[in-house]
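Dropping the structure in here first, questions after.
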Amino acid sequence: MKILLVDDDAFLRDMYASKFIGCGHEVEVADSSSATIGKFQAGMGFDLVILDMVMPGTSGVELLKIIKERFPDQIKHSIFLSNQGQDEDVSEATEAGAIGYIVKAHSIPSEVVKTVEKIVADHNK
């Protein structure tokens, strides 16, 4: 999969990117909403965008709505990977079009990769 990983935490972003790359995925990273939008403006389509809920400025949900509105042909799926795990957060992400929601604290990084792969595979059936 061609994945865009969006998180303002450099350590987590790089760690998850390494895990996905190690499992054979092509990964781009972005640390902000403006960096994310820049990737789409450059015509970089993605099979999956993984977003954090809480980021400076634009929230992950707001960013997903912008991407879906402005670049609908460049995004296939989106999943949230966040430490926010309230039911309202999950509902908000789902309503914005996410196909999955993973709480970072509930899984080790290698489990996150497997969970993401399963969510996408199940959604593509």
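No lab work stands behind these numbers, since they all come straight from the coordinates. Keep in mind the model is a prediction, meaning the values are calculated, not measured. Quick reminder, even Gly has a Cβ in these numbers, built from the backbone with ideal geometry, and neighbours come from all protein chains shown.
Please identify every one of the trypsin sites (Lys or Arg not before Pro) in region 1-37 that sits in a loop by DSSP and has no more than 12 other beta carbons within 10 Å of its own beta carbon.
Taking region 1-37 and a limit of 12 other Cβ atoms within 10 Å, no loop trypsin sites (Lys or Arg not before Pro) are found.
Taking the Cα centre of each part, how many Å lie between region 48-70 and region 71-125?
So the separation of the two Cα centres works out to 12 Å.
Answer with one residue from Val120, Val6, Leu81: the one whose Cα lies farthest towards the positive end of the charge dipole of the chain, charges on Cβ with Lys, Arg +1 and Asp, Glu -1.
Val120
Please give every one of the lysines within straight-line cross-link reach of Lys65, meaning a C-alpha to C-alpha distance under 21 Å, and leave out same-chain neighbours fewer than 8 residues apart.
Hits, sequence-local ones excluded: Lys2, Lys39, Lys76.
Local charge sum around Leu81 (other residues, Cβ-Cβ under 9 Å, Lys/Arg +1, Asp/Glu -1)?
Residues near Leu81 contribute -1 overall.
Sticking with this one: Okay, which of region 3-20 sit inside 16 Å, backbone N to the point 7 Å along the Cα-Cβ direction of Ala42?
3-7
Given axes a ≥ b ≥ c from the Cα gyration tensor, I'd like to know whether region 2-124 is rounded (a/c under 1.5), prolate (a/b larger than b/c) or oblate.
rounded
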